[in-house]
Structure formats: C-alpha cells, structure tokens
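Encoded as structure tokens, the structure appears first; notes follow it.
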Amino acid sequence: MAETPLEVLHRVFGYSEFRGDQAAIIDRLVSGGDAVVLMPTGGGKSLTYQIPSLLREGAGVVISPLIALMQDQVDALRAVGVRAAFLNSTQSLDERRAVEEAFAAGALDLLYVAPEGLATPRVQELLRRGTIALFAIDEAHCVSQWGHDFRPDYLWLSNLAELWPDVPRIALTATATEATHRELTERLGLGRAQHFVSSFDRPNIQYRIVPKDEVRQQLLAFIREQQELSVDAAGVPAPAAGIVYALSRATVEKTAEFLRSKGVAALPYHAGLEASVRAQTQARFLREDGIVIVATIAFGMGIDKPDVRFVAHVDLPKSVEGYYQETGRAGRDGAASVTWLAYGLADVVQQRQLIDKSPGDRAFKQRMGQHLDAMLALCETVACRRVNLLSYFGQASEPCGNCDTCLAPPVTFDGTVPAQKLLSTVVRLKRERNQQFGAGHLIDILQGKKTPRVEQYGHDGLATWAIGADLNQAQWRGVVRQLLALGLLAVSPDGYGTLLLTDASAEVLRGERRVELRQDVHETAGRASTRSARVSVAQADLPEEARGLFEALRAWRAQTAREQSVPAYVVFGDATLRAVASTRPARLEQLEGITGIGAKKLDQYGAALLEVVAATD
Ligand code: ADP
Ligand code: ZN
C-alpha cells in the first residue's frame with residue numbers, strides 16, 4: 001500500500017496536520033495536475049511540492065533563483081531523511097557528476113536547479129535520462145515583466161510544458177498582484193492549472209511608517225527598542241535578529257558602520273562584496289543570535305530564517321510588492337515582529353528622478369511610476385496600513401489594530417491653504433525660465449528666509465514672499481512630500497529636483513479641490529516605544545518551570561548545529577524544543593508525535609534529547 005500524504009507528513013516531517021490549502025495542493029499534484037499557488041511567506045509552500053515529490057515516481061525538480069540558499073534547503077531535507085541535492089555553478093565538476101549520476105539512477109527525491117542552469121543542454125540531457133516527478137517553479141513572480149523582480153532566465157521556463165507535457169507543474173509565489181498572477185499563469189503555460197490563493201495577511205507583523213528626519217538616529221532607536229523588548233520563547237532576553245534595507249551600497253556600508261559604533265552587531269551585505277564574504281555573513285546571520293544585516297535588496301530572497309524579529313527600511317522601496325516581500329521576511333515563525341520604514345521628501349524626489357533617468361521606454365517608466373504611486377499611497381494613508389496593503393493584493397479586510405495608524409490614528413488637517421501658497425510660489429518661479437528651484441528654495445521663500453540665492457534672484461519681491469511663516473521647515477517639507485505623493489506636484493526630469501505643477505494642481509489653485517493632509521508626527525525614541533504594541537514572543541505557552549530545560553535544549557541545539565555546520569533550525573525549530581521542554585519525555589516513544597520530530601530525527605537525536613531532559617531539573 002502506498003503511503004498517504006498525511007502519513008508522509010507524520011513520518012518524514014513530524015507534523016500532525018496540514019495547514020490551509022496544503023492538502024488540496026498536494027492531492028492535485030499527486031494526481032498529475034498543475035497548480036498555481038499564491039501563499040504568503042511562512043505559509044508552508046515547500047511541503048506542497050516536497051511531499052508530492054516523495055509520493056510520485058522520480059525526483060521533483062525545483063527551480064529556485066537564489067543559489068546561495070540551495071545548500072541550506074538541501075541540508076534541511078537531508079536532516080529529515082529526504083534524498084535531496086542541487087546543481088548550480090558553485091559546484092566542482094566532480095560534485096556535479098555525483099549529483100547527475102544519482103538523479104539518472106533514480107536515487108533522488110528532490111533536485112534543486114537554478115533557472116539559468118535549466119536552459120543549458122547539459123541539464124536538459126540529464127533530465128531526459130531520469131524520471132521527473134514534477135516541476136516546482138519557486139518565486140514564480142520572477143517570470144513577470146510587469147512585476148518588480150523580473151529575471152530573464154525565467155522566460156525559458158515556458159518551454160517546460162512542451163518539452164515535458166506529462167510532468168505536472170506547480171508555480172509558487174508569495175507576492176503577486178492580480179496582474180502578475182495572470183501574467184505568470186500565461187507565461188508559464190499553466191492554462192489548465194488549479195489556482196490556490198491564500199490570504200496574504202501576516203497578522204503577526206506590525207507595520208510602521210515614520211517621517212524621516214535623522215534617519216540613523218531614528219533607526220538606532222528603533223533597533224534598540226526591538227532588541228530590548230525581544231524575549232525568546234522561554235521568556236529569556238535574547239537580542240533580536242533583524243534586516244535593514246537601503247538602496248545603495250554606500251548607505252549600506254555607512255549604516256552598518258554607524259550601528260556597529262553604537263554596539264549593534266551589524267554586518268553589511270551587498271553585491272559589491274566578495275562572494276565568500278557574503279556567504280560568511282549569511283551564515284553568521286543564520287547561525288548566531290541577534291545579528292542585524294544591513295543590505296541592499298540583494299539579501300534575503302527565500303531566506304529561511306524563521307525568527308527574524310524586525311525588518312527596517314531606511315530608503316523608500318520602489319514598489320509595494322517589493323516592500324511586502326522584504327517585510328515578509330520578518331516573523332516566518334508566526335511570532336510577533338515589527339517592520340519599520342522611514343521616508344521623506346528626498347526619497348520621493350530621488351525615486352521620481354531614478355525613473356526619469358532609467359533606460360526603459362515610456363511604458364516602462366509609466367509602470368514604474370504606478371508602482372511608486374502605490375507605495376506613496378501606502379506611506380501617506382491615514383487609514384489602516386494593512387487594509388491598504390491587502391487591498392493592493394486584491395483582498396478586502398478590516399482595520400487591523402496592529403499597525404501604526406491603527407494604534408495611534410494620525411491627525412489630519414485642512415491643507416488647502418498651505419497647498420495653495422506653495423503651488424502659487426511654483427507658478428511664480430516658473431516664469432523664470434531655465435532656472436532650477438527645488439523644494440528647499442521654495443520653502444525659504446515661503447518662510448521669508450534671506451538666503452544668498454533669494455537675494456541673487458530678488459525673490460524677496462515675490463507676492464508669496466514670507467506668507468508661510470506659520471509652518472516650520474519640517475512641516476513645509478511634509479506638505480511638499482504629500483503634494484508630490486498626491487500627484488498635485490511633480491518633479492521635473494531636469495535632474496535638479498525642480499518642482500512643477502500638474503493638471504490636478506490647477507483645481508487646488510482655483511479653490512475647486514480641498515486638500516486633506518496628515519500631520520507628521522516626528523517620533524522620538526521614547527515615544528515610539530510607549531506607543532507601540534509590546535513585542536513579545538510566544539513565551540506565554542511555556543510554563544515557568546520549563547524554562548531552564550528549554551535553555552538547556554537550546555544550548556544543546558546550538559552545539560549540535562555547530563558540529564554539523566548547519567543552521568540551528570535545521571536541527572530542530574523552537575516549537576519542537578518548546579514541546580519537549582514542557583512535556584519532559586523520558587522514553588523514545590514519548591518523543592513520537594511531538595511536532596517536528598519525524599522518523600529520521602527521532603533516530604538521530606532522540607537519545608540526545610532524552611539525555612538533556614534527564615540531566616536538567
Ligand atoms: P514558505 O516557503 O511558504 O515561506 P515554508 O515552506 O518555509 O514557508 O514553511 C514555513 C515554516 O512552517 C517551516 O518551518 C515549515 O517547516 C513549517 N510548516 C509548514 N507546513 C507545516 C505544517 N503542516 N505543520 C507544521 N509546520 C509546518
Ligand atoms: Zn492597522
């Protein structure tokens with residue numbers, strides 16, 4: 001009798017039941033059908049192709065874009081007794097040969113390959129020599145040119161349907177708008193696929209977006225708050241691990257250095273660093289506690305680390321998809337996590353200029369502009385952040401109670417008059433052709449500041465001179481930023497940040513349109529922490545008397561992981577250690593049925609676990 005999917009889930013992975021759509025997706029593939037799966041990070045996508053690969057004849061071929069992660073994925077599978085291997089450009093010829101022979105001989109359950117590898121004749125010949133259980137296309141949104149993360153190598157995957165018409169295919173992603181969903185379905189030839197769309201909500205993640213002022217100090221305050229609050233599953237303080245994203249390598253380097261000078265264990269990560277340094281940084285992040293990675297977006301795609309407690313952005317992301325994917329790396333284990341983004345006027349100007357200067361055609365720039373507009377709408381919303389995010393992904397929801405705007409509803413004010421003052425200054429400056437006047441100069445005029453530039457151009461004679469003394473500089477910058485975000489002001493493509501009117505500005509100037517603006521709240525370290533919801537990890541479900549044992553188990557796990565040079569979670573997840581600590585098993589049979597302990601791990605670690613339990617009061 002063949003095993004059922006549920007039996008495989010118990011025996012191999014040691015889990016008691018399927019989550020969400022997992023069982024239905026697995027049935028679909030086992031019976032030879034195709035599937036398109038949209039499921040948020042941490043939802044459990046991997047099992048949906050791993051279990052069918054174990055149940056069907058041959059090996060499941062997994063196409064995954066980031067080769068740096070393949071080693072860890074394969075390690076985690078081998079740790080539960082699955083015959084997994086990968087093929088990529090980091091291997092020696094001998095290593096590749098060994099994997100190829102194993103595949104051809106039918107000795108593999110899962111084979112991970114990079115998309116660029118799959119298109120080569122060598123790999124295609126190899127695939128014809130063995131039996132393929134299924135194709136799993138991970139991060140499938142990468143095939144979409146309209147999305148935010150296009151990879152040309154993914155286009156080749158449209159050939160799979162013709163080359164292997166009888167092999168079921170599953171495409172998976174954690175970020176897809178309706179447009180991307182449609183496009184990936186079409187490009188991957190998944191017309192007959194069944195679609196499984198889970199809720200995109202990540203209720204354990206708290207979203208915060210703050211106006212940028214001294215961004216490094218703000219970031220430091222945020223990280224200190226997170227690291228002080230962070231308590232591990234046993235209620236013991238443990239420095240929180242986190243990721244800080246910045247747009248440029250220079251900002252990454254400077255920010256990491258600044259944080260280190262303040263005692264934060266921060267490491268830089270970007271594509272300009274040597275591969276060996278990057279690999280080492282990633283390994284430390286996975287294996288050590290409390291590391292903060294400061295990175296460009298090159299870091300983290302598919303990172304499996306379950307206990308990232310915070311994700312911070314010091315620059316404005318280019319799209320909501322990108323933002324959601326990056327913030328989604330927090331809290332995969334389901335425990336409370338916080339995301340934080342600081343953004344300001346300069347971000348908006350810079351992003352608009354980047355789009356103008358980019359080499360793409362008009363349609364491309366228009367698309368990038370739409371991505372940016374959606375991101376700005378999220379930043380400026382006075383309603384629940386989560387409602388805004390989820391509706392972007394086509395999902396309706398109620399205010400969440402766990403984002404900054406829910407926790408401290410923003411105060412709005414009628415900004416029509418300040419907007420008119422600002423826009424009419426723009427009108428007056430426009431008459432001086434070929435001159436570039438950015439936001440700073442405009443604000444100087446409104447506030448009546450006699451700078452050399454004002455004197456040079458005689459701008460103290462303008463009709464709007466000094467009519468804006470009622471707002472301070474930060475408030476004016478907030479007005480400019482919000483008008484830009486609302487499309488009531490534009491940045492000229494001249495590269496100097498000159499501000500221009502838009503069609504919609506005229507309505508405001510004529511008094512036909514009211515402008516509602518949000519009052520920026522410049523948060524200080526103290527304020528931020530009193531306001532935010534307390535971040536505590538699931539310590540409640542561990543009784544006081546189990547905490548000592550939990551600590552001992554963690555120490556054992558750290559040592560074991562070091563000896564085998566794998567990340568700690570490959571040995572056991574926190575949920576498993578928690579269950580062991582609270583049930584205090586004395587015999588091997590009592591370990592069976594504990595979450596995360598399958599047959600292989602029972603065999604390999606069961607005795608050691610019992611020893612730790614016996615040796616700890
Ligand atoms: P995704 O790829 O969707 O981000 P993963 O496949 O990495 O998510 O799964 C996230 C975590 O949840 C992993 O630690 C995984 O082992 C665990 N998990 C997945 N399915 C189950 C299940 N049915 N029961 C218990 N844990 C599960
Ligand atoms: Zn909310």
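Summary of values
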{"item": "Selection within the stretch 379-431 - polar (S, T, N, Q) and within 26 Å of K318 (Cβ to Cβ)", "result": "T381, N388, S391, Q395, S397, N402, T405"}
{"item": "Strands (runs of 3 or more DSSP E) contained entirely in the stretch 159-218, each with at least 2 residues that are open to solvent by less than 10 Å² (accessible area, probe 1.4 Å), within 16 Å of ligand 1 (Cβ to nearest atom) and modelled with pLDDT of 95 or more", "result": "169-173"}
{"item": "Of all residues in the stretch 1-11 being in contact (Cβ under 8 Å) with a residue 12 or more places away in the chain and in a loop (DSSP other than H, G, I, E, B), the one that is nearest to ligand 2 (Cβ to nearest atom)", "result": "E3"}
{"item": "Selection within the stretch 484-498 - under 17 Å from D373 (Cβ atoms) and open to solvent by 10 Å² or more (accessible area, probe 1.4 Å)", "result": "A485, L486, G487, A490, V491, P493"}
{"item": "Residue list for the stretch 245-301, restricted to those being surrounded by fewer than 16 Cβ atoms within 10 Å (Cβ to Cβ) and of a type in the set (D, E, K, R)", "result": "K254, E257, R260, K262, E274, R284, E288, D289"}
{"item": "Some residue of the stretch 440-461 being assigned to a helix (DSSP H, G or I) and in contact (Cβ under 8 Å) with a residue 60 or more places away in the chain", "result": "no"}
{"item": "Any pair with Cβ under 6 angstrom, 6 or more apart, that starts in the stretch 17-43 at a residue that is under 17 Å from V61 (Cα atoms) and more than 7 Å from ligand 1 (Cβ to nearest atom) and ends at one that is of a type in the set (D, E, K, R) and not in a loop (DSSP other than H, G, I, E, B)", "result": "D34/R169; A35/R28"}
{"item": "Of all residues in the stretch 454-464 being open to solvent by 10 Å² or more (accessible area, probe 1.4 Å) and touching a helix residue (DSSP H, G or I) at 6+ places or on another chain (Cβ under 6 Å), the one that is nearest to G415 (Cα to Cα)", "result": "L462"}
{"item": "Residue check for A295: more than 16 Å from ligand 2 (Cβ to nearest atom) and either modelled with pLDDT of 90 or more or hydroxyl-bearing (S, T, Y) (or both)", "result": "yes"}
{"item": "Flag if P239 is open to solvent by less than 30 Å² (accessible area, probe 1.4 Å), outside any helix (DSSP H, G or I) and free of Cβ contacts under 8 Å to residues at least 60 places away in the same chain", "result": "no"}
{"item": "Yes/no for D414 being within 16 Å of ligand 2 (Cβ to nearest atom) and over 18 Å from G322 (Cβ atoms)", "result": "no"}
{"item": "Within the stretch 385-403, tally of residues that are touching a helix residue (DSSP H, G or I) at 6+ places or on another chain (Cβ under 8 Å), more than 8 Å from ligand 2 (Cβ to nearest atom) and touching a residue at least 40 places away in the same chain (Cβ under 8 Å)", "result": "5"}
{"item": "Listing of helices (runs of 4 or more DSSP H) fully contained in the stretch 303-419 that carry 3 or more residues being more than 16 Å from ligand 1 (Cβ to nearest atom), in contact with a His (Cβ under 8 Å, 6 or more places away or on another chain) and open to solvent by less than 50 Å² (accessible area, probe 1.4 Å)", "result": "320-327"}
{"item": "Every residue from the stretch 392-433 that is among the polar types (S, T, N, Q), modelled with pLDDT of 90 or more and under 30 Å from I445 (Cα atoms)", "result": "T416, Q420, S424, T425"}
{"item": "The stretch 573-601, subset in contact with a Gly (Cβ under 8 Å, 6 or more places away or on another chain) and over 13 Å from Y15 (Cβ atoms), residue surrounded by the fewest Cβ atoms within 10 Å (Cβ to Cβ)", "result": "L588"}
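The values are calculated or read from the model by the stated rules, or taken from the named source; none is laboratory data. Here the structure is a predicted model, which is why all the values come from computation and not from measurement. Please note: Cβ atoms are built from the backbone with ideal geometry, for glycine as well, and neighbour counts cover all protein chains shown. Surface areas here come from the heavy atoms of the whole protein model, side chains and all, with no ligands, DNA or RNA. Shrake-Rupley method; radii C 1.70, N 1.55, O 1.52, S 1.80 Å.
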